[in-house]
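Enquirer: Have a look at the structure that comes next, please.
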Amino acid sequence: MATVETLREYRDKLQEARFSGLRTLRDQNGEEITYRSQGEIERAIAALDSEIARLQRGRLALVRLQTSKGL
């Protein structure tokens, strides 16, 4: 599982590519990724943003309620 910092770094690279007009990126493993359009890059950025947000939220607390009729 990727860390938040790794996802942020990749998102930053995608944003640089988007603003410069490039469609091909090389990741930290040396693999090249070619996107078909700017829209595809924008969708990848949105997916990274949602994953980063999900990881930063953390776990939800479990709350147990117990009630009685008082009898």
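Readers should treat all values here as calculations from the given coordinates under stated rules, not as data from a laboratory. Just so we're clear, the structure is a prediction, and the values are computed from it rather than from any experiment. All Cβ positions, glycine included, derive from the backbone under ideal geometry; neighbour counts span all protein chains shown.
Enquirer: Out of these labelled values of percent of Cα pairs over 15 Å apart, (i) 55; (ii) 58; (iii) 63, which was calculated from the coordinates shown here?
Expert: It is the one labelled (iii).
Enquirer: Right, another one. Hey, what did segment 4-57 get for relative contact order, percent, Cα under 8 Å, at least 6 apart?
Expert: Contact order relative to length: 39 percent.
Enquirer: Continuing with this model, one more query. Relative to the longest principal axis of the chain, what angle (0 to 90°, nearest 10) does the C-alpha long axis of helix 38-57 take?
Expert: Approximately 30 degrees, to the nearest ten.
Enquirer: Going by how many other Cβ atoms sit within 10 Å of their own, how do Thr6, Thr67, Thr34 line up, fewest first?
Expert: Ranking Thr6, Thr67, Thr34 by Cβ neighbours within 10 Å, fewest first, gives Thr67, Thr34, Thr6.
Enquirer: Residue separation times 0.36 nm, minus the C-alpha to C-alpha distance between Thr67 and Thr3: what's the value?
Expert: 19.0 nm is the gain from fully extending Thr67 to Thr3.
Enquirer: While we're here: Which net charge results for the neighbourhood of Glu51, defined as the other residues with beta-carbon distances under 14 angstrom from its beta-carbon, given Lys and Arg at +1 and Asp and Glu at -1?
Expert: So the surrounding residues net to +2.
Enquirer: Treating the angle as unsigned and between 0 and 90°, give the value, to the nearest 10°, between the Cα long axis of helix 4-20 and the longest Cα principal axis of the chain.
Expert: 40 degrees
Enquirer: Under a crude label model (7 Å from the Cα following the beta-carbon direction), how far is Arg57 from Gln28 in nanometres?
Expert: Result for the modelled spin labels: 2.5 nm.
Enquirer: Let me ask you something else. Under the 0.36 nm per residue contour assumption, what length would be gained going from the current alpha-carbon distance of Ser20 and Arg36 to full extension?
Expert: 4.3 nm is the gain from fully extending Ser20 to Arg36.
Enquirer: Check each of the trypsin sites (Lys or Arg not before Pro) in the chain and keep only those in coil by DSSP with at most 16 other C-beta atoms within 10 angstrom; list them in order.
Expert: Listed in order of number, the matching sites are Arg23, Arg36, Arg59, Arg64, Lys69.
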